[in-house]
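Participant: First the structure, then my questions, so here it is.
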2 protein chains.
Amino acid sequence: MALLSVLTPVLALVLCMVAGFLFLKSRAPETSPGVAGQTKGPTKKEFRPWADQDLQDDTEITRGDDDEWVENNEEEDLAHVPYSPQRYPEETMLQRAKDFYSLMSQRRSVRFISPEPVPREVIDKVILTAGTAPSGAHTEPWTFVVVSDLDTKHKIRLIVEEEEEVNYRQRMGDKWVHDLARLRTNWIKEYLDVAPYLILIFKQTYGILPNGKKKTHYYNEISVSISCGILLASLQNVGLVTVTSTPLNCGPQLRLLLKRPANEKLLMLLPVGYPAADATVPDLKRKNLEEIMVAI
Amino acid sequence: MALLSVLTPVLALVLCMVAGFLFLKSRAPETSPGVAGQTKGPTKKEFRPWADQDLQDDTEITRGDDDEWVENNEEEDLAHVPYSPQRYPEETMLQRAKDFYSLMSQRRSVRFISPEPVPREVIDKVILTAGTAPSGAHTEPWTFVVVSDLDTKHKIRLIVEEEEEVNYRQRMGDKWVHDLARLRTNWIKEYLDVAPYLILIFKQTYGILPNGKKKTHYYNEISVSISCGILLASLQNVGLVTVTSTPLNCGPQLRLLLKRPANEKLLMLLPVGYPAADATVPDLKRKNLEEIMVAI
């Protein structure tokens, strides 16, 4: 009994440590095999309120251990050059603003895409246009994978549909399914076979310098999303349609299928083509100016 | 001594609990008064690899406790309407693609903005155009605050400069400062006083239904960034310039200054105007098509 009394605090301590360890373990990320090596565990990160709360980009600004900074002197002293872009008279500006609004306001997300071929040169120019977007510290952290190969398109469809069905059924919760129900979408994505092009947009979470070292890409997700906005404008400008999709949980599989490197993560998948002759869209309205703008 | 032996395990347990509590507390977010009520602590969230690893949006797809789902029947059975947008002959498509690329490729981030007035009607149309962007489940989760009032612009400048200086000096690490050094920027933001308009773009992390209940805004950050891409295209189209900025850590202060509700978080700040007569830009090059596109 006396021995037990002496040992009890030790036992209690050991129990506490085991419980604490198990608790911590339960909070660690469940890294599935498919994404292993691609993500850093949250436990490695320090808390950065300015990045975590405000920007929610996954490119946290941190003195990372594994992103070695490399001097890049040739870019250090960039010359500054005069910049005097086209300037329009006020009436012309207003007319151009109205015309562009008119063009963009006719854009809709279209799930019914025609199989008719689209000139590849047009797609090339659209991608080049997307590449004019600004990016954090001019890192240009985007890769546009343009798929027209029938077999690859079908493999993409199988991956997306399998994951989407799981997402819908198990992961997303009633609310999200309910929200999408009114848009009459589901996990059958025929357009992935039918559309002449699938554009898969990858964000480069870091870059690789010529010497193989890593270079952080600040704000890569925001930058690539901005680029996607310019891409959508460019598609609308040439009379092509798409539907903006962010396939949940398919990134790792699609990255492997398309042989993209580990620093790239899928952000969006856009099927692109002419609208089908019988294409329909839900009769949605957009908010008016007063609902989206506040003037001070 | 016998009493002590009996009490020791109790003491050890209490000590463990206190230590555990302190440990957990240290992991909880440091919610500053300015952001109180605006952020959910990470401890409330469950781990969702599909959202956390792939999308990194802060709108996790979750069966949230505090986002009560509300039936919204009037939107449930939206009619589908035929959609047949403008279709161009192939030569016209290609010419339009080239012209739009030519226009967009001349866009640059400009930090030297002229104080000359810009017609407000043009700005209105540009904002309307940005509002044509797609958004997750058509939530349109954006608020564009357009500031032309001199006093408010100056207050914004003071907030941004104060935070930027702290960011540069203390938080960002040598690497980020080094990256930006070559763009010759620093924490003096004269353009915030000078530009005729400051457009502050807020993402709505959730919406408020007419009955006061919350409605989750899926992918709000990606959606608002896409909208920003269309806004940049629209500004370029009318001959106005801006510089895309994401002021770190200023969100809460600017939100309070501009009296935005708690569901809105600052994503971007764009000073807008004509370029100054002596505006210069760094002599940056953009990647070519082969560097950003992969065709399969």
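Participant: Any chance you could count how many residues in the stretch A:229-257 are open to solvent by 10 Å² or more (accessible area, probe 1.4 Å), within 9 Å of another protein chain (Cβ to nearest Cβ) and aliphatic (A, V, I, L, M)?
Facilitator: Of the residues in that region, 0 qualify.
Participant: Go through the stretch A:85-113 residue by residue and tally those that are more than 7 Å from every other protein chain (Cβ to nearest Cβ) and over 33 Å from the mean Cα position of the chain (by Cα).
Facilitator: Residues in the stretch A:85-113 being more than 7 Å from every other protein chain (Cβ to nearest Cβ) and over 33 Å from the mean Cα position of the chain (by Cα): 4 in total.
Participant: Identify all residues within the stretch A:260-291 that are surrounded by fewer than 19 Cβ atoms within 10 Å (Cβ to Cβ) and more than 9 Å from chain B (Cβ to nearest Cβ); write none if there are none.
Facilitator: Answer for the stretch A:260-291, where residues must be surrounded by fewer than 19 Cβ atoms within 10 Å (Cβ to Cβ) and more than 9 Å from chain B (Cβ to nearest Cβ): A:PRO261, A:ALA262, A:LYS285, A:GLU290.
Let's see how each residue does on (1) closer than 30 Å to B:PRO85 by Cα; (2) part of a strand (DSSP E or B):
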| position | (1), (2) |
| --- | --- |
| A:ALA233 | yes, no |
| A:LEU256 | no, no |
| A:PRO261 | no, no |
| A:LEU269 | yes, yes |
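Participant: To continue, here is another question. Between residues in the stretch B:125-140 that are more than 7 Å from chain A (Cβ to nearest Cβ) and within 16 Å of A:LEU270 (Cα to Cα) and residues that are open to solvent by less than 10 Å² (accessible area, probe 1.4 Å) and not in a loop (DSSP other than H, G, I, E, B), which pairs lie under 6 Å by C-beta distance while being six or more apart or on different chains?
Facilitator: Taking only residues 6 or more apart or on different chains, the pairs are B:SER135/B:SER223; B:GLY136/B:SER223.
Participant: Continuing with the same structure: Scan the strands (runs of 3 or more DSSP E) fully inside the stretch A:108-226 and keep the ones with 1 or more residues being open to solvent by 10 Å² or more (accessible area, probe 1.4 Å) and at pLDDT 85 or above.
Facilitator: A:197-204, A:206-208, A:214-216
Participant: Among all residue pairs at least 6 apart or on different chains, which show Cβ distances below 9 Å where the first residue, located in the stretch B:195-211, is farther than 29 Å from B:LEU235 by Cβ and the second is in a strand (DSSP E or B)?
Facilitator: B:ILE208/B:LYS214; B:ILE208/B:LYS215; B:LEU209/B:LYS215
The values are calculated or read from the model by the stated rules, or taken from the named source; none is laboratory data. Only a predicted model underlies this, so the values are computations on that prediction, with no experimental measurement involved. We place every Cβ from the backbone using ideal geometry, glycine too, and count neighbours over all the protein chains shown. Surface accessibility is based on the protein's heavy atoms, side chains included, excluding ligands, DNA and RNA. Shrake-Rupley method; radii C 1.70, N 1.55, O 1.52, S 1.80 Å.
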